[in-house]
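Accompanying notes for the structure given below.
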Amino acid sequence: MNKKSLAIKYLCFAALAIFANLGVQRIVFSTGDSHAIYVIAVVAGTAAGLLVKYLLDKTWIFYNLTSGLKGHSRIFSRYAMTGLLTTSIFWGFETVFWLIWETGFMRELGALIGLIIGYSIKYSLDSKFVFGPVTEGQQI
């Protein structure tokens, strides 16, 4: 697969994960607007986005054939670890935008900016530390 096709696919998968993340957040926010709800929404949304992105990246970006609970646990734990840095970027932008403007729109805009920056960094981290580089013509 050429780099352009890979990049387009990665961007589409990032968009799906962002949609899952912010969609779950909206569902949680529909139950209230306290500080506790904010924390629950951000954590639940992050978990949803992480799971969606992991399954798509593992299968369709890095063509990883790992199977079984032990194999998935090993790969997923590394994937989640590379996500710690990128999640802090996302949460930082989302929280700062929320604290400054205190509107749902600006909170989501901050989240979107943070997720875009985070996913840009995450590909490099995953290529190096989780799955290894994708080779030209690699197939499932």
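Figure note: Phe76, Phe90, Phe129 ranked by solvent-accessible area, largest first, 1.4 Å probe, ligands and nucleic acids not counted: Phe129, Phe76, Phe90. Within the accessible surface of the chain, defined with a 1.4 Å probe on protein heavy atoms only, the carbon and sulfur portion equals 73 percent.
Residue-wise HN-Hα couplings along the range 33-38, as the Karplus relation 6.51 cos²θ - 1.76 cosθ + 1.60 with θ = phi - 60° gives them from phi, are 9, 7, 5, 5, 4, 4 Hz; Gly and Pro carry x.
Surface exposure of the chain, expressed per residue as accessible area with a 1.4 Å probe, stands at 57 Å². Of Arg107, Arg26, the order by accessible heavy-atom surface (1.4 Å probe, DNA, RNA and ligands excluded), from most exposed downward, is Arg26, Arg107.
Applied to the range 12-17, the Karplus parametrisation 6.51 cos²θ - 1.76 cosθ + 1.60 on θ = phi - 60° returns per-residue 3J(HN,Hα) values of 5, 5, 4, 4, 5, 5 Hz, with x for Gly and Pro.
Per residue, the average separation of C-alpha pairs within less than 8 Å and at least 6 apart gives the chain a relative contact order of 26 percent.
The values are calculated or read from the model by the stated rules, or taken from the named source; none is laboratory data. On a predicted model such as this, the values are computed, not experimentally measured, just so you know. Surface accessibility is based on the protein's heavy atoms, side chains included, excluding ligands, DNA and RNA. Shrake-Rupley method; radii C 1.70, N 1.55, O 1.52, S 1.80 Å.
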